[in-house]
Amino acid sequence: MLVALALTLALGVFACGNSKQGEKKADGTQTSRLDEVKKRGVLVAGVKDATPPFGFVDDSKQLAGFEIDLLQHIANKLGVKLELKPVTSSTRIPMLTQGSVDIIAATMTHKQERESQIDFTITYFMDGQSLLVKKGSPIKSVKDLTGKKVGTAKGSTSEKNVMAANPKAQVLSFEDYPPAFLALKQGKVVAVTTDASILVGLKNKDENPQDWEIVGGTFSEEPYGMGVPQNDSKFRNFVNNALIDMWRSGEYAKVYEKWMGPKTKYYIPLTWKMTLWP
């Protein structure tokens, strides 16, 4: 389901106040975000707005994408409406910890270092980092980036991954992936690096997708998890069970087929299996 693009400076829902860690009960314990969302009647989610096929503004000026459909399923299970707020790789975690959103589904890799700030759901998508270059480029692998400028997004795992894979590469970090791709078009960098699925989206949404190619295989593992508030097992488990239910019922496969199936321009074969709880 497509959901209208929510204004970042939201009227209404968060004007009433959304706490960082939930409201306090009379006995001093914290209310679960799950209870807050149900009471409010709205699940507020941070999503990408320029990263097809995961989250982007479509031709009708609405936010759409794979992750947004997953969130809609979770909102439906909760019996609430879904409100979307655009985030970038550098703003998504602060927006969750500051209470601007209840949950993040924004191509975010589950990394141990991030667990000091937020908690993660089970993995809902598996990816790996690659390179996007101009067709015919001499850049064929991350080793070829020695002394070369490569673009990526601020706050992403891609920054650290490419520096670890080739410490002699010159990494330029942009606010998001579209500006990094623009830098590639302008010759300011020789490659853009991030998760392969994001590169597929950048390439195939371009007016001339034939001018670009994805090279180098993958040089990292990127398990995507949804970000949720820390120490709120009630909310986290609800989301986990909703995702597992999607997989078992076949709904996940339908949503995946819709956005990344062989009949789409973002075709990515489904080659992994979600870890299911007994």
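Brief remarks follow.
- Segments classed as strands (runs of 3 or more DSSP E), wholly inside the range 173-278, with at least 2 members that are in contact with a Leu (Cβ under 6 Å, 6 or more places away or on another chain) and in contact (Cβ under 8 Å) with a residue 60 or more places away in the chain: 191-195, 212-215
- Count of the range 169-222 residues which are farther than 20 Å from residue 127 by Cα and among the basic types (Lys, Arg): 2
- Just one of the numbered conditions (1) surrounded by 24 or more Cβ atoms within 10 Å (Cβ to Cβ); (2) closer than 24 Å to residue 201 by Cα is not true of residue 43: (2).
- So residue 242, is it out of contact with any Asp or Glu (no Cβ under 9 Å at 6 or more places or on another chain) and of a type outside the set (Ser, Thr, Tyr): yes
Each value in this text was obtained by applying a stated rule to the coordinates, not by laboratory testing. Every value quoted in this text rests on a predicted model; they were computed, and no experiment measured them. All Cβ positions, even for glycine, are placed from backbone atoms using ideal geometry, and neighbour counts span all protein chains on display.
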